[in-house]
Amino acid sequence: MRAGETVAPAAESGTRSLSAKTQVLLQNINSVLVGQTKAARLAVVALLAGGHVILEDVPGVGKTLLAKSLAMSITATFKRIQCTPDLLPSDVSGVSVFEQREGNFKFIPGPIFTNILLCDEINRATPRTQSSLLEAMEENQVTTDGTTRKLPDLFFVMATQNPIEQHGTFPLPEAQLDRFMIAASLGYPQPVEEAAILKKTLQEGGFTVQPVLSTEEVMQSKQSVKQIFVHDSLINYIVELVNATRKHPSINLGVSPRGSQLLMRAAQANAFIDGRDFIKPEDIKMVAPFTLGHRIIPKVKSNKICHAELIEKVLETIAVPS
C-alpha cells in the first residue's frame with residue numbers, strides 16, 4: 001500500500017479472505033502432488049497473474065497430475081488435449097459442419113472453449129497445430145472460418161512436454177514459448193517422497209481432490225493481484241535484471257519487455273498468495289528463474305526450454321534494493 005493511502009476494511013477483509021483461499025488451493029494440490037510444492041505454487045501464481053504454464057520433464061513425474069489436481073480444485077470447466085502428430089488445428093479450436101435440415105453451417109466448439117485446458121505432450125503436435133493456440137493464449141479469442149469467437153474470461157492453459165531429444169517431437173518456437181508466463185520442471189522426488197507416493201497409490205481415491213475455489217473467486221483474486229503495490233525501487237530492480245540478460249556474456253538473446261511485464265505480474269501474484277498487498281525483492285527472486293528462463297537463448301545450446309540456473313546467476317550480479 002502507498003504511504004497515506006487507506007483501504008476500506010470490507011475490501012481489505014475480502015482480499016485477505018481470497019488470499020487465504022488460494023493457500024487452501026495450494027494445500028489441496030500438495031495433498032496429492034507429493035514433494036512438488038514449488039511447481040504447484042508456480043502454477044497457482046500463473047493462474048492468478050493471468051498467465052499460462054508449461055512443464056517440461058521426463059514422463060511419469062507428475063506433470064499431468066499437477067494440471068488435473070489444479071483443475072479439480074476449482075469449480076471450473078476442464079478439458080484435455082492429448083497432442084499427437086496427426087492432431088489438426090480444427091481438433092483444438094472447433095469446426096463448422098453443414099446442417100442439411102437448416103441449410104447452413106453450425107460451429108462445433110473444440111476443447112479450447114473451456115476454463116482450464118491441459119495440452120498434454122504439446123511438443124508432439126505439429127507446429128501448425130501448436131500455432132493454433134497462439135491467438136487464444138494472447139487475445140483470449142479464437143478465429144475460425146473468418147469469425148472471431150470469445151473464450152471464457154477465465155482461460156488458463158497448462159501444457160506439458162517431454163524433453164525434445166525424445167523421438168517424434170517438434171520443439172516449440174520462441175513465439176510460442178513467449179506466450180507462457182511460467183516454464184518449469186518437476187524433477188524426481190526424494191526417496192521419502194516417493195515412498196509417500198506409493199502409499200497414496202494403495203489408497204482408494206488417493207489422487208483425487210474436491211473443489212475449494214469457485215471460478216468467481218479466481219476472477220476476483222486476479223483483480224486483487226493487479227492492485228498489489230510495486231515500489232519504484234522494485235520496478236528498477238526488474239529493469240536492471242532484464243537488461244542484465246541482454247548484456248550477459250553467456251546469453252545470445254535477452255528478455256523482451258513482455259518478459260519484464262510478466263515477471264512483475266508473477267511477483268504480485270506471489271505476494272498475494274502470502275497475504276501481502278505489496279511485493280518484496282524475494283517475490284521477484286522466487287519467480288524470476290521460471291518467468292525469464294525460457295525467454296533467453298544461451299550461447300551454449302541445450303535441449304531444455306527453461307534456463308532457470310542461468311537466470312539465477314544473473315540475479316547474483318544485481319544489487320537487491322533495501
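Read-outs throughout are calculated quantities, based only on the coordinates presented, and are distinct from any laboratory measurement. Everything numeric here is computed off the predicted structure, so don't read it as measured data. Glycine also receives a Cβ, built like all others from the backbone with ideal geometry; neighbour counts cover every protein chain displayed.
Can you list residues whose amide H is under 5 Å from SER96's amide H, if they're 5+ apart or on another chain and H is modeled 1.01 Å from N?
It is ILE108, by chain and number.
Given all pairs of different Cα atoms, what value in angstroms does the Kirkwood hydrodynamic radius of the chain take?
Evaluated on the chain, it is 20.8 Å.
Just to check, using Stokes-Einstein with a Kirkwood Rh over alpha carbon pairs, what's the diffusion coefficient of region 8-143 at 4 °C and 1.567 mPa s in µm²/s? Before the final figure, lay out the partial values.
On the way: Rh = 17.1 Å.
Estimated diffusion coefficient is 76 µm²/s.
Around ILE81, which amide H atoms from residues at least 5 apart in sequence, or from another chain, sit under 5 Å from its own amide H, with H modelled in the peptide plane?
LEU118, CYS119, ASP120
So who's got an amide H within less than 5 Å of the one on LEU253, skipping anything under 5 residues away but keeping other chains? H placed 1.01 Å off N, in plane.
Result for LEU253 returns ILE297.
Lys and Arg at +1, Asp and Glu at -1: add these up for the other residues within a Cβ distance under 14 Å of THR201 and post the number.
Summing Lys and Arg as +1 and Asp and Glu as -1 gives -1.
Reachable aspartates and glutamates from LYS79, Cα under 14 Å, same-chain residues fewer than 8 places away excluded?
Correct list for LYS79: ASP91, ASP120.
Region 76-121: which trypsin sites (Lys or Arg not before Pro) are DSSP loop and have at most 14 other beta-carbon atoms within 10 angstrom?
Taking region 76-121 and a limit of 14 other Cβ atoms within 10 Å, the loop trypsin sites (Lys or Arg not before Pro) found are ARG101.
Ratio of region 100-198's C-alpha Rg to 2.2 N^0.38 Å, to two decimals?
Output field value: 1.40.
Could you pull out every whole DSSP H run in the chain that spans at least 18 Å of Cα extent along its own axis and averages 0.5 or higher on the Kyte-Doolittle scale? Could the numbers behind the result be given before it?
Details: long enough: 9-30 (32 Å, -0.28); 232-247 (23 Å, 0.10); 257-273 (25 Å, 0.10).
Going by DSSP H runs, there are no hits.
Just need log10 I(q)/I(0) for region 227-322 at q = 0.18, 0.24 Å⁻¹, Debye formula, equal scatterers on the alpha-carbon atoms, no solvent, rounded to two decimals.
The Debye formula, applied to the Cα set alone, gives -0.75, -1.23.
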